[in-house]
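Bear in mind these aren't lab numbers, they're just calculated from the coordinates by the rules spelled out. Everything quoted here is computed from the prediction, not taken from an experiment. Neighbour counts are summed over all protein chains in view; Cβ atoms, including those assigned to glycine, are modelled from backbone coordinates with ideal geometry.
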Amino acid sequence: MHLNAFQIIVLPILAILFVERAAAVARGRIPRRAAAFWMFIWLAAGVAVAWPNLTTRIAKLFGIGGGSNLVLYSAVLFMLIGFYMTYVRLRRLDASITQLVRHLAIQNAQRGPDGGIEPPGHDAQKNVK
């Protein structure tokens, strides 16, 4: 197997990324599911770089013109899915922060000037002489 300059540069990088994810899961820094996802991505990229004709054959099975088109279409699809998942997560996070801020605002509104909780109907201005 004759490797071109691109393969000589990219394959070690993908191997390092693969090993880094495996080490991260071994140290407990990331969940296994996330590590498995990224390890699959790096492995698939490595296979596509090492055997570029394989992507062309797979593309033909799906009725796509060439292997590079398959890689591009797949990348765009996965990026759109990733962006959507990030959007949904940020919306959930925003809702959680809003709920937390409302709770803290209500809790702080019930506290008196000395930091203690005032009974309902108590007006701090009545005690001022």
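Some points to look at:
- Sole exception among (1) surrounded by fewer than 15 Cβ atoms within 10 Å (Cβ to Cβ); (2) within 17 Å of residue 6 (Cα to Cα); (3) free of Cβ contacts under 8 Å to residues at least 24 places away in the same chain for residue 82, by number: (2)
- Counted as qualifying within region 1-115 are the helices (runs of 4 or more DSSP H) with 2 or more residues that are among the aliphatic types (A, V, I, L, M) and under 22 Å from the mean Cα position of the chain (by Cα), namely 5-26, 32-50, 67-109.
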